[in-house]
Amino acid sequence: MEKERVFYNELVEKIISNFKGTYEGKMMSSPGVKFNNKVFVFYFKKDMVFRLGDEFSPLAFAIKNPRLLDPFKNKPPLKGWFVIGYDQKDRWEELSDLAFEFVKTLK
């Protein structure tokens, strides 16, 4: 198993044990974590994607090279969904916490 996926799997175990009501799910056929039937983090092409909302500022958190999730050929990127590379894996846990806090605000 690739090192990125191993790191992701370890993070998912932490998330599910730390946040009541979270469970594994899928987003675009990729493994992720859900709360209230909404995905807030998922593993995508060796990176992590975090649902942080439109108001999130990667610059305020000193995130390097953030990208908006852009999985479609003929549609714009998804607002509020940030792709953070494995080179910043040390930030994935913090961003997972922020994504969980964000998804709790959704109805």
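Observations, loosely collected:
- Of all residues in segment 1-38, those being within 20 Å of TYR86 (Cβ to Cβ), surrounded by 12 or more Cβ atoms within 10 Å (Cβ to Cβ) and among the small types (Gly, Ala, Ser) number 2.
- Extreme residue, nearest to ARG67 (Cα to Cα), among residues of segment 1-46 that are among the hydroxyl-bearing types (Ser, Thr, Tyr) and free of Cβ contacts under 8 Å to residues at least 24 places away in the same chain: SER30
- PHE50 farther than 17 Å from LYS104 by Cβ and under 11 Å from the mean Cα position of the chain (by Cα): no
- Residues that are among the aliphatic types (A, V, I, L, M) and not in a helix (DSSP H, G or I) were ranked within segment 13-38; the one that is farthest from LEU95 (Cα to Cα) is MET28.
- Every residue from segment 1-43 that is more than 18 Å from LEU106 (Cβ to Cβ) and aliphatic (A, V, I, L, M): MET1, VAL6, LEU11, VAL12, ILE16, MET28
- Any hit, segment 74-82, residues being surrounded by fewer than 19 Cβ atoms within 10 Å (Cβ to Cβ), among the aromatic types (Phe, Trp, Tyr), in contact with a strand residue (DSSP E or B) (Cβ under 8 Å, 6 or more places away or on another chain) and at pLDDT 95 or above: no
- Residue tally, condition surrounded by 16 or more Cβ atoms within 10 Å (Cβ to Cβ) and either in contact with a Lys or Arg (Cβ under 7 Å, 6 or more places away or on another chain) or in a strand (DSSP E or B) (or both), over segment 39-59: 11
- Complete set of residues in segment 76-104 that are free of Cβ contacts under 8 Å to residues at least 24 places away in the same chain and outside any helix (DSSP H, G or I): PRO76, PRO77, LEU78
- Listed conditions (1) loosely packed, with under 14 Cβ neighbours inside 10 Å; (2) without any contact (Cβ under 8 Å) to a residue 24 or more places away in the chain are all met by LYS64, apart from (2).
The values are calculated or read from the model by the stated rules, or taken from the named source; none is laboratory data. This is a predicted model, so every value here is computed, not measured. A quick note on method: Cβ atoms are made from the backbone with ideal geometry, for glycine too, and the neighbour counts reach across all protein chains shown.
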